[in-house]
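None of the figures in this text is laboratory data; all of them are computed from the coordinates on show. No experiment lies behind these values; they were computed from the predicted model shown.
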């Protein structure tokens, strides 16, 4: 399929400016509404009320929080790299805004009061989807730089986690889209929407959709994959040292990434701005500004999915998270690409009964699913008794507790006596006989 990009790149400068402002305002407004909706939905799930005081139904709560963040004191750590510390959130939020440039919000429409036509899309490229993936990857540099420039161990660990996380899940995400490119015959976002006129790709490429859905959550650092900011382990992760407007920019970038990934999933698998059935039976459903309404409705559905996951699932362990990406999603994506390629060749060239290929694929999928539920074999050395390994608690310059399988060194007699009696303060409170009892206890030990 040859995409028609002739309608792009011909808009005057004032129309490009209007489209840019509209997209910027739409993303900011959607972010404010998403934050409000998340707090209300989670409150409903947890039998709470949620925001209700600021504005009708609490709609102005997100705006009030943003103003409060902007007016807070901006604290910069003394050990931070000042330049990179400032640039990091700017990179994150700029990349988040830039990814929406090639998302189609609707078809070509007639501009009112003029004789000009224009698509409801800022621009498009012959490699539009690759542009989105590339810019989304650039946004991770902001998180990595934030962790490194903060001069904090917790922030650095969060940045390193984020880099490994994005590498792992963007590979699976990119592989899941190969089947879409094969069926659409183009990497242009508007061309992919046009290729779904007959049937949406979610029905014929369901495995790709599921893999993309999981990778989408991991790529946006959202629960249960929010390991880059795990507050139970890393205080706040990469943004531990950030405050005021810089922290707000990270917050804004995260939610805009949610909107962008939801819009990308809508474009690739749900027909983009095309009206769903039975609304598609109406002749004017896909003309005018109505397609923008269908598009936003589908995006809201994906945003609800993000919120639902956060209120339902606990955070995964890091090893489980990496195992899911490298040992499950990527192999499944590769196998699915081979299957889709085979089916596509058979349909185009013929010579093989398609039913046998489908039956074989179903049998293989069931076998893989059955193997996934077989527990892994126990480690033969797991139950064997091993000699405890002695270690030096002060080897790193500060005391650390022993790990499983390590043995603490013998304590000096005075420390052992103090530990047995609960410390010097306890001995003073216990009276004059406490020292004698402690000495007898140490002698018996």
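Let me make sure I get this right: for the stretch 243-334, a, b and c are the square roots of the gyration tensor eigenvalues over alpha carbons, sorted descending. Under 1.5 in a/c it's rounded, otherwise prolate if a/b > b/c, else oblate. Which is it? Provide the component values of the computation, followed by the final result.
Values: a/c = 2.71, a/b = 1.52, b/c = 1.78.
Oblate, because a/c is 1.5 or more while a/b does not exceed b/c.
Would the stretch 1-104 count as rounded, prolate or oblate if I go by the C-alpha gyration tensor, calling it rounded below 1.5 in a/c and otherwise prolate when a/b exceeds b/c, oblate otherwise? Walk me through the numbers before you get to the answer.
Values: a/c = 2.36, a/b = 1.32, b/c = 1.79.
Taking the square roots of the gyration eigenvalues as a ≥ b ≥ c, the stretch 1-104 is oblate.
One quarter of the convex hull surface, Cα atoms only: what value does that give for the stretch 64-207 in nm²? Numbers along the way, then the final one.
On the way: hull surface 52.7 nm².
If you wrap the Cα atoms of the stretch 64-207 in a convex hull and average its projections, you get 13.2 nm².
Please give the Cα centre distance for the stretch 246-322 versus the stretch 67-108, rounded to the nearest Å. What the calculation gives is 21 Å, centre to centre.
What does the C-alpha gyration tensor say about the overall shape of the stretch 1-54? Classify as rounded when a/c is under 1.5, otherwise prolate if a/b is larger than b/c, or oblate.
Details: a/c = 9.85, a/b = 2.49, b/c = 3.96.
Oblate is the answer for the stretch 1-54, as a/c is 1.5 or above yet b/c matches or exceeds a/b.
What fraction, in whole percent, of alpha-carbon pairs in the stretch 177-277 exceed 21 Å separation? Mind dumping the intermediate values first?
Working: 2292 of 5050 pairs.
Result: 45 percent of Cα pairs exceed 21 Å.
Could you tell me what % of all Cα pairs in the stretch 153-229 have separations over 19 Å? Result for the distance tail: 46 percent.
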